[in-house]
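One structure is given below, encoded as structure tokens.
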Amino acid sequence: MLKALVLLFLAWVCFLFYAGIGLFTSGFLLTRLELTNHSSCQELPGKGTLVGSGRGRRVVFMGDDTWEGLFPGAFSQAFFFPSFNVKDLHTVDNGILEHLYPTMDRDDWDLLIAHFLGVDHCGHKHGPHHPEMAKKLNQMDQMLQTLVEQLENDTLLVVAGDHGMTETGDHGGDSKPEVMAALFLYSPLPLFPGASLKDPEVVPQVNLVPTLALLLGLPIPFGNIGEVMVDLFSGEGDTQPLATALAQASAYHLNAQQVSRFLHAYSLAAQDLPPEELQHLQNLFSSASSEYEQLLDQLKTGEVREADIQALISQLRLFLRGARTACTETWARFRPARMIGGTILLASTCLLCLITSRLTSSPDFPFHCLLLRAVVWGLAGAVLLAGGLMAAGIGLEPSLLCAGSAATSLIAFLWALKSRESSSMTVFLPGPLPILVLLFLRSAALFSDSFVVAEAWAAPFLLRSLSLFLVAQLHWEGRLLVGVSTACLSSPTASLARREGPRALGLLVGLLLCVRLSILFHRCPEETPVCQSSPWLAPLATMAGGQAKNLWYGACLGTLGVLVLAVRFWLRRCGNLNSPAPPVLFVRWGLPLMALGTAAHWALASGTDEAPPRLQALVSGAVVGLPRAVLALAAIGLGLLLWQPVTVLVKTGASSSNHIIVPFVGPPASQADLDYVVPQIYRRMQEALRGKLARGGGQTPLALAAYGLGSVYSAAVVTALALLAFPLLLLHTERISLAFLILFLQSFLLLQLLATAVGTPAGSPGPFSVPWLAISAWALTATQTFYSTGHQPVFPAIHWNAAFVGFTEGHGSSPVLPALLVGANTFASHLLFSVGCPLLLLWPFVCEGQGSTKRKKTLASGTEVGGEKEEEPLMEMRLRDSPHHFNAALLQLGLKYLFILGVQVLACVLAASILRRHLMVWKVFAPKFIFEAVGFVVSSLGLLLGVALVMWVDRAVGSWFKQLILSQER
Amino acid sequence: MKILRPKDVKTKGMRQINVRGGSQRVLALCLLFVHFESLPYGERLQGSTMKDADIKRLFYVHIFCIVSIILTTFIPSFFLEDFSVLETHLTWLCICSMCVAIINVVLYLQVKPNPSSKRSSIFHKISRLLKSCVYFFISCLLFHAIIVLYGAPLIELMLETFLFAVILSTFTTLPCLCLLGPNIKAWLRVFTRNGATSIWDNSLQITTMSSVIGAWLGAFPIPLDWERPWQVWPISCTLGATFGYMAGLLISPVWIYRNRKQLTYKSR
């Protein structure tokens, strides 16, 4: 007999998170029973049930204040300490230590729960290999030592960890290091049979509750399906094996009775346990309990053999384990009707996006009358379906009704379309063959768990293939290099190729390099020996070394500087950095200020613990204040941008023909001078007169120069992206800023490549459109960036620390703000790329002007444009020249992007619903679906914002033109 | 275009290859010999006849290549212990790429689909040979770089990656070198829409593309959790490239034959 026992404690994987979100998003619905049951598995397993049923006993609690909300009034005495702030390592622990020993000495409790949080928080903040962790563990060791010394003989000490931690100190997944913890039992009296320390027994966490309940003399909580730990039950103080076996058998019997009652009640309430399984379990239980009765009878009469008892014990154990397996297997319930409804809804929306994106190129298509018809048909379909459902006796399922109305209205739309124009099947094909292949591969990959796990590699692979294909196609069409087959090329394309060829190749190489480098920031979906997460994802605060830390900090500073300078450089190159408009001033001064704030915050956050105690208050104040300041600056910048989005500098009379060239100073001396000057003055007067006349007739152009008018739309979008990027950068750990730099560089290269390769507008005023290839590449880049900023579509990989940027003290009770912060961190790439989506349309026009060195566009206030002025690149003013096509192109762009994202979501939905009995559904498919769906929502919002921004700028440019004309006339 | 006489081809080819090959190879060559014998030839073949003859010749050359690739999978096991394509993959890679290289060089030298240049001094030939070797090596390096950019590990498994690059170059660059010589401009011309000037160029396009696509498709099974031996890097990719090459060899004569009416070549 030993005094202590160490066991391996196996945590249950919590479906809690999935269930909560699953309720809202899909047909997956976990039963309420499971929720209540599983809420007990997150922390101490006794929490949900044991405390609740222990009303007769005096329970003392100290520690985490979340227990207060869970069990109000359950404790005879309680010491709660705030626990929400993950960065705070000491408040809870010190509070417990202060009260623990005095309470121990008193005699007014039956159960004392002390919930230490420091180790968990330390794991989250610093990871398992930090000096802080060593300090914390030493403190815990000391506490245990003191506790063991003070323990009285009738007390059992149970030390349990509720979960393990990964190499990064996080938990919540189901990998082995996360679910494995230790269970340490100690009693001053020798109680436990000998067990080897080398290979401890594995005990599921749910087993602790029935064991403690029976030990305390309480009934086992009703909903528990654990199994008592028999080693803790022994005979009346002696070492007789028979008495021990008997005690164990009776404990098992009590446990089995409780589980059997639970199963019975459960099977009455919900019919999802398979009946044959239930029958089998019932038979097992009844035979075992009859055997137990027999045994008791035998005990009264005479001798009982130990072997019989052991056989009974094993039978009861079989029943308990069988019941647990049956429950876990069937506690995931699905609603196929909702699944089908949701799928139909999504599919018809995608189809509508596809068809409408095709139709936007024919501007005179009558959408208005079709709209009415589709609405009427949809309502009719919904009513019919509702009638059918009622008649069939099935309740009204809202998602099915929505799906029905969507499908019928879509069918009506298609019908009208077919009657109007004899369109063939090409309407249903998104783009050319390579895009179809790509879309197919992309969606098919979502049906395989291996590919979902490996999407971090698959998406860049497809992106590289796409860009290589692009350049190869360019070469195939003879546009890449000249001198090869000039015979089959006309001369303008050849000259185009001479310029484009090496540039396209260089862009391609740069793009491939960027994609390759971004892999360096990947995080593994789970801890496996094969895959190792990038060590650069950890915050700088966890780094111990001084020199390396400083170097990394320098690199992050450099990144910030490069980002700011790149934005400024680009705007200067486009000529949008000249005007005195407030957004321009903000880009000049506000952006560096934001970078400075970010850098200062990083410096303070990574070295908080090293600050001298005198400055502690200042530092903690700055750590809170700086991120908020950066956020406020970004908000101000966006507000300024919306207020005056036109960043154009106007110079009147900049045209050289209007200058009077005076080669001398002073009054004209000679006749020759007069001969020279007078005609000029005359000409000038003549022009002025003509200008006055023109006000009435509007015939002669009056020249003025507007700097940056050619890129006014893209400048606004780029500024907005930069302003968005800084707060998002702040939410990530320091070194991910390098990944952000790569992301910006990569998307810039991609835009340049697409503008070079796919479609130059070539001066056509006709309908603009962004090719499918460009949009697919953009969507792939967004996916790739999601992974290369250290994210994974699994819940343990969420960067929870983002909730505390700028709020180190926690958020109080409102979950909105932390959810927003964490969401912005997780879906940063979705947001950035969808807001930047209009750049796909604008970039070819911006690139049009890059050939010439002039960055200004001369425009005429009259109706005509002079002969020599036509050579100036019109750039984005081409879009303004045909506003109808511009709007159509924006609509088409949005629809196409939504279609590509929608197909991905649809594939995820189908995968999760078809493979709902798959082994990996909770581990891979369901989280992927949830992430993809939320990402889709974020992307749609971002897309709306981006398109709205461009249209807002368009409106502002319109009013700017009006103002200009008015001021010129005056 | 200069028309070749298959009679010359067969005698020279026989002598040279006989020295190297094993018994099976001689058998295959005999087959080739028989078929070359039956080719129509004359002083000057015009139009479709010429094209048909060329296509036939192309077909036999390709069949010979395929057979030799298949033979490399089991012939070496007679000489080497523990040889298998999957387990001693690198050995097979070397043997296969050597074999394909030799056969390509020999066959194309003998068949001579494109007329050689007028200058034919020894010095010129040697410089061409050296240039070809350098080009081949550069293409290996380029392929290696592209594969690494595609996500292959940079430092680990470098030999494997390089051998993959070598076999890919053997399937793509080497035929280019044989057919077009060390002439980058000609290569670039061939791989444009209207760049092919003979059926040999067309077959070059098809085999090159199919090898690259095969290698690309070969990367797909790598992430799957089937835990098969052929999922190890770079086996699936090399196998994919090989199958793609073989498929290209089979497809190109068929495609050319089916499209022979549409294919018109400008003389350079």
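The values are calculated or read from the model by the stated rules, or taken from the named source; none is laboratory data. All figures in this text were calculated on a predicted structure; none of them were measured in a lab. Don't worry about glycine lacking a Cβ; one is built from the backbone with ideal geometry, like all the others, and counts go over all protein chains shown. Note: areas computed on protein heavy atoms with side chains; ligands, DNA, RNA excluded. Shrake-Rupley method; radii C 1.70, N 1.55, O 1.52, S 1.80 Å.
Things to note:
- Shielding value for B:143-152 is 4, the average number of Cβ atoms from other chains within 10 Å of each residue's Cβ.
- 10 Å Cβ neighbours from other chains, averaged over peptide A:464-473: 2
- The residues of the stretch B:103-216 present an accessible area of 47 Å² per residue when probed at 1.4 Å with all protein chains retained.
- FRET efficiency for the B:Cys94 to B:Ile251 pair, using the beta carbon distance and R₀ = 45 Å, is estimated at 0.95.
- Converting phi to 3J(HN,Hα) with the Karplus coefficients 6.51, -1.76 and 1.60 and the offset θ = phi - 60°, the stretch A:888-905 yields 4, 5, 4, 4, 5, 4, x, 5, 5, 4, 4, 4, 5, 5, x, 5, 5, 4 Hz in sequence order, with x at every glycine or proline.
- Listing of the stretch B:170-201 residues, each with accessible area lower by at least 20 Å² in the full protein assembly than in the chain alone (probe 1.4 Å): B:Lys185, B:Leu188, B:Arg189, B:Phe191, B:Thr192, B:Arg193, B:Asn194
- Rough spin-label spacing in nm, given labels placed 7 Å along Cα→Cβ, for B:Leu142 and B:Asp52: 3.9
- Highest mean packing first, where packing is the average number of other Cβ atoms within 10 Å per residue, the peptides A:583-592, A:769-778 line up as A:769-778, A:583-592.
- Relative packing of peptides A:397-407, A:730-740, B:141-151, A:790-800 - highest average C-beta neighbours within 10 Å first: A:730-740, A:790-800, A:397-407, B:141-151
- Interchain or long-range residues, amide H under 5 Å from A:Leu649's placed H: A:Ser579, A:Tyr707
- Between the stretch A:874-917 and the stretch A:527-571, the alpha-carbon center distance in angstrom: 34
- Charge context of A:Ala114, other residues only, Cβ under 12 angstrom, K/R +1, D/E -1: -3
- Listed values for the stretch B:211-223 are Karplus-derived 3J(HN,Hα) couplings in whole Hz (6.51 cos²θ - 1.76 cosθ + 1.60, θ = phi - 60°), namely 5, 5, 5, x, 4, 5, 5, x, 6, 5, x, 4, x, and x replaces Gly and Pro.
- Nitroxide proxy distance, nm - points 7 Å out along Cα→Cβ at A:Ala472 and A:Leu615: 5.7
- Zone of A:Leu820's modelled label, taken as backbone nitrogen in the stretch A:914-938 under 16 Å from a point 7 Å along Cα→Cβ: A:938
- Neighbourhood net charge (13 Å Cβ-Cβ; Lys/Arg +1, Asp/Glu -1) for A:Leu157: -2
- Each residue of the stretch A:734-749 was assigned a 3J(HN,Hα) from its phi angle through the Karplus expression (A = 6.51, B = -1.76, C = 1.60, θ = phi - 60°), giving 4, 6, 5, 4, 4, 4, 5, 4, 4, 5, 5, 4, 5, 5, 4, 4 Hz with x at Gly and Pro.
- Highest mean first, the peptides A:347-358, A:632-643 sorted by other C-beta atoms within 10 Å per residue fall in the order A:347-358, A:632-643.
- At an R0 of 30 angstrom, the distance between the Cβ atoms of A:Leu215 and A:Leu268 translates into a FRET efficiency of 0.45.
- Inter-chain shielding of A:455-461 (mean C-beta neighbours from other protein chains, 10 Å cut-off): 3
- Label-point gap, in nm, between A:Ala307 and A:Arg335 - each point 7 angstrom along Cα→Cβ: 5.7
- Buried solvent-accessible surface, both chains (B, A), 1.4 Å probe, Å² to nearest 100: 2100
- Restraint check, B:Lys131/B:Lys185; A:Lys125/A:Lys549; A:Lys135/A:Lys176; A:Lys176/A:Lys923, Cα-Cα greater than 22 Å: A:Lys135/A:Lys176
- At R0 = 51 Å, FRET efficiency that the Cβ-Cβ distance of A:Asp297 and B:Arg228 yields, to 0.05: 0.25
- Under 13 Å, Cβ to Cβ, from B:Thr88 - net charge with Lys/Arg +1 and Asp/Glu -1: -4
- Distant-in-sequence amide contacts of A:Ile113, defined by a placed amide H-H separation under 5 Å and a gap of 5 or more residues or a different chain, comprise A:Val60, A:Phe61, A:Met62.
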